[in-house]
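Following: one structure in C-alpha cells, then a few remarks.
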Amino acid sequence: MTDALPELAGTRRLLRLRHPLYHSRLSSRITFLFGMSALVLGVMVSAITYYATRSSIVGQYVTAAETTALDNGSVIHADLADQLSGPLIVNNIDQATSNSSSLLYEKGSWTFTARLSILNPQDLPVSLRNSVKLGVPAEQIFILPSNGEAYIAVGQPINAPSFVARYFEVFPMSQAQNELNSLLSALVAAATLTTIVGLTLGRWAARRVLRPLREVSEVARQISEGQIDARIETSSQSDLAILTRSFNRMVDLFQDRLEREERFASDISHELRSPLTTLGSSISILESHSDELPPRSSQALALLSQEVRRFQRMVVDLLEISRIDAGMADFQGEEVYIVELVVRSLERSTSTPPPIETDPDVDQWRVFADKRRFERVIANLLENAERYAGGATRVTIGRGSEGHVRVAIEDEGPGVPEIDRTRIFDRFARAASSAGRRGAGGGTGLGLALVSEHVKLHGGAIWAESNLPNGSRFVVELPHLIVEELPEAER
Amino acid sequence: MSPKILIIEDDERIRASMALSLEDEGHEVLGAPSAETALDLFGHALVNQPFDLVIIDLMLPGMDGFACCREVRHQSALPIVMVTARTDTHDVVAGLEAGADDYVTKPFEPKELAARIRALLRRAHATNSVLSILTFGELEIQLEAGTVRLAEQEVHLTRTEFLLLCELASNPNKVLSREQLLERIWSYDYFGDGRLVDVHIRRLRTKVELDPANPRHIITVRGLGYKLAP
C-alpha cells in the first residue's frame, strides 16, 4: 500500500503528460517528412535545371568562340599570304575583336596581345597545343591557375605551302560563369522556398490529420474528469465523421450505463435503507423497554440488536463504497486544522482516546478534508486496533513526506505480518496468516477498505507498518494546505 | 402540553416506528402518508391546534417532499426536519433550500432524530433575555419581539434564520466558523454538516440583503466562516 498509492498517482500523471507530447512528436514527424520531401524535390529539380542550362550556355559560348576564331583564322591566313608581320597581324585582329586574346605562332616565334591576363603561350593547355601542332584544330575550356577563372581557347593550324603558323584565340568565360552563378542562387532560393512551403504544408496537414485525434483525447480527458456529457462535434468530413460518430456512440453507451447504474444504486439504497430504518427504530423502542421483558427475551433482543446494527453498518458501508466506485462520492471538503480534526475525531469515536503527540510544526497546518469521512477513517482505525490489537496506544501527528501531514495510530498488539499489509485494505479481507482470528471479530469486513477509499478521496495515502518492538502502526498521510498567516483580527 | 409533531412519510412501517419512538419521547404524533393529506391536516391544525414541528420524507408519491416542504414553509415558520435516503449534496441542499431546518439520513437512529427534534424545539421555545434593538444600516433586528425590518419593511424569517441572524448580529465583525454556528444554532458538534449553515446563510441573504448577490452585511470569510458587518 505504501508504494502502490504514490506509484498509481504517478502513472496517471505520466499518462496525462504524455498525450500532448506524443501528439507534438507525431505532428513534427509529419511536418519533417513534408519538409524533407520538398527539399529533395527542390534540390533534384534545381540540379537538373542547373546542368541542362549550363550545358546549353557553355555550348553557345563554345560555338560563338569557334565562329569568331575561325573567321579570324581566315583573316590571318590572308594576312600571312600577304606576308604581313606577326605583330601587325595580331594588332589588326585586336582592333577587330573586343574581348579575346590572340596568340600567333609563326616562323618559330610567338606574337600575342596582353589584352586578357593571358600573357604567355605557356598558359595554354598542353593538349590543345599538341593537337594544333599535329595539324588538328581544337578548342578547350580551362582554368587559368594564376587567377582561377575559366577561359575557352580555340586553336587552329594555318598552313600554306609558303608558311606554317598556329593561331590560338582565348575568350573569357567569366560572363557565362556569372550567369550560371546567378542561376544557381536562383535555384537554391527556389529549393529553399519549396522546402519552406513543404514544411508549412506539412504543419497544416499534420494539424488537420491530428485534429480529430486531439479532439478525441481532449474529450476523453474531459470525460475522465467527470464531464460525462462531453462530446466531439460531428465533423462534416466523412472520414473523420466515422471516428467522431463511433467515439460519441461509445460515450453515449457508457453514459447510459453509468446512469442506469446510478439509478439502480439509488433504488437499492432507498429500498435497503427503509426497512433498516424501521428495524432500527423498532429495536430501539424494544431496548428502551427491555427491563419489562423476561431475561431470555431480553438476551435475544440484545443479540438481535447487535446484529441489526452490524447489518446496518455493512449496508451503509457497502453503499458508500459503491458510490465511491461509481465515481459518485460526494466529497464535502472544508479547510480545517488537522490537529483539531484529529482530536475531535478521536473524542467522538471513543470515550477513552489514546494519548496524542503533536509535532508543534504542524499546529497551524490545515487540510482540505471531508470531516465526516475523516472521522470514519479515525473511528475505523481505532476500532480495528481495538478488535485486533487490544486498542490504540498512541496517536501522533507530524510532518509526512513533502507537502503532507502524517497521522499515525499505533498499537502494541501482535502486529500485521508483512504479507498481509496491503491485503488488509481489501474488501472483506481475511488475513492469510490468521484466517480464523479475524473472522471472529464481528466487524463488517469493509472497515479498512472504506478507510483506504476515504483517504484516497482526500488525495492521501495509508499504509500499515511495524511499530517496533511490537505492534503495528497505521499511517495516514494527507496533503496539507499552504500555511498562510492570518490577520490577527480574523483569528 | 406535549409538543405536536406531524410525520409525512409514505412508508407505513417507518411512519409507525417513528411514531412509536417519538411518542416514547413524550411527543404527540400525527402521521400522513402523502404530502396532500399532510397539507390538509396542516391547514386544519393551523386553525385549531398548530403543530410544533414537521418531519418530511423527501421521497413521496405524488407531490414530492421538496414541494411539500416549500408549501409548509410558505404557510408557517415552524421547524421542519427532512428525512433523506441519500447524503448527496443535491438532495440535502435542495431540501434545505426548500425550507427545511435540519435533516436526518436513513437509516437513522431514533435517538439521533429525537436529539435533532429536541434541539429544534428547545430553540423554538427559547426566549431572548436581551431586551434590545440592533440596527445595521437599513437592517433592524428586534431581539425580544423576534422581528426583523429591512428598509422599514418587516421581513419574515424562520426561527432558524432569525437565530442565525441574531448570533451573527450579537458578535458584529467577529468571524464565526461554521462549527460555532452549527453548535449554537443546531446543537451539533464539530462534525455537523456545514451545508446547513451555508444554505441558511444563502436563504437569509435573500431576505435581509438589498442585493443578495453582493451582500453588505452577511459576509463570507473564505476558509473561516461568516461575519456580520454593520
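Work from the charge dipole of chain B (Cβ charges, +1 for Lys and Arg, -1 for Asp and Glu, about the Cα centre) and give the residue of B:HIS156, B:LEU182, B:VAL92 farthest towards its positive end. Most positive-ward Cα: B:LEU182. According to the calculation over all Cα-Cα pairs in the stretch A:271-416, the P(r) per 10 Å bin from zero is 10, 28, 31, 21, 9, 1, 0 %.
Working note: Karplus 6.51/-1.76/1.60 with θ = phi - 60° gives the stretch A:200-212 the couplings 4, 4, x, 4, 4, 5, 4, 4, 5, 5, 8, 4, x Hz, where Gly and Pro are set to x.
Neighbours of A:VAL367, meaning other residues whose beta-carbon lies under 11 angstrom from its beta-carbon, give a summed charge of -3 when Lys and Arg score +1 and Asp and Glu score -1. Hey, what angle do you get for helix A:238-288 against the long axis of chain A, alpha-carbon based, 0 to 90 degrees rounded to 10? The helix A:238-288 is inclined about 10 degrees to chain A. Spin-label model, A:ALA220/B:ARG222: points 7 Å from Cα along the beta carbon direction are separated by 3.5 nm. The modelled label-to-label distance for the pair A:SER298/A:THR358, using points 7 Å beyond Cα in the direction of Cβ, is 4.4 nm.
Taken about its Cα centre, the stretch A:1-230 carries a charge dipole of roughly 1520 debye when the Cβ of each Lys and Arg holds +1 and the Cβ of each Asp and Glu holds -1. Given B:LYS106/B:LYS227; A:LYS456/B:LYS174; B:LYS207/B:LYS227; B:LYS106/B:LYS174; B:LYS106/B:LYS207, which pairs have Cα atoms separated by over 28 Å? Pairs exceeding 28 Å: B:LYS106/B:LYS227; A:LYS456/B:LYS174; B:LYS106/B:LYS174; B:LYS106/B:LYS207.
Set the Förster radius R0 to 35 Å, insert the Cβ-Cβ distance between B:ALA213 and A:GLU261 as r into 1/(1 + (r/R0)^6), and round the FRET efficiency to 0.05.
0.40
Charge tally for A:THR393 (other residues, Cβ to Cβ under 13 Å; Lys, Arg +1; Asp, Glu -1): -3.
Scaling the Cα radius of gyration of the stretch A:1-230 by the globular reference 2.2 N^0.38 Å produces a ratio of 2.01.
The stretch A:253-325 has equivalent-ellipsoid semi-axes of 36, 11, 7 Å, by the square roots of 5 times the alpha carbon gyration tensor eigenvalues, sorted largest first. Of the residues B:PRO172, B:ALA45, A:THR358, the one whose Cα sits farthest toward the positive end of the charge dipole of the protein assembly as shown, with +1 on the Cβ of Lys and Arg and -1 on the Cβ of Asp and Glu, is A:THR358. Rg/Rh, computed from the Cα trace of chain B with Rh as the Kirkwood radius, has the value 0.97.
Taking 7 Å steps out from each Cα toward its Cβ at A:ILE48 and A:TYR337 produces label points 8.4 nm apart. Radius of gyration (Cα atoms) of the protein assembly as shown, expressed as a multiple of 2.2 N^0.38 Å: 1.82. Calculate how steeply helix B:35-47 sits against the longest principal axis of the alpha-carbon atoms of chain B, using the helix alpha-carbon long axis, and give the answer as 0 to 90 degrees to the nearest 10. On a 0 to 90 degree scale, this one is about 70.
Projecting the Cα positions of A:VAL75, A:ALA385, A:THR234 onto the charge dipole of chain A (unit charges on Cβ atoms of Lys, Arg, Asp and Glu, taken about the Cα centre) puts A:VAL75 furthest along the positive direction.
Express as a percent, rounded to the nearest 5, the fraction of DSSP beta bridges in the stretch A:253-408 (both residues included) that run antiparallel.
75
Stretching A:SER85 away from A:LYS456 to a fully extended chain increases their span by 122.3 nm, per 0.36 nm per residue minus the current alpha-carbon distance.
Could you work out how much longer the chain between A:VAL75 and A:VAL188 gets when fully extended? Use 0.36 nm per residue separation minus the Cα distance between them, nm to one decimal.
Value of the extension gain: 36.2 nm.
A Förster radius of 25 Å, combined with the Cβ-Cβ distance separating A:LEU134 from A:SER162, puts the computed FRET efficiency at roughly 0.75.
For the pair A:ASN178 and A:SER322, the difference between a 0.36 nm per residue extended length and the Cα-Cα distance amounts to 43.5 nm.
Against chain A, whose longest principal axis comes from its Cα atoms, helix A:371-389 is set at around 70 degrees.
Per-residue ellipticity at 222 nm from helix content only, as computed over chain A with -39500 (n - 2.57) for each DSSP H run of at least four residues, stands at -20000 deg cm²/dmol. Over chain A, Cα pairs under 8 Å with separation of 6+ residues give a relative contact order of 12 percent.
Read-outs: derived from the displayed coordinates by stated rules, not from any lab. Computed from a predicted structure; not experimentally measured. For neighbour counting, all protein chains shown are included, and Cβ atoms are generated from backbone atoms with ideal geometry for every residue, glycine included.
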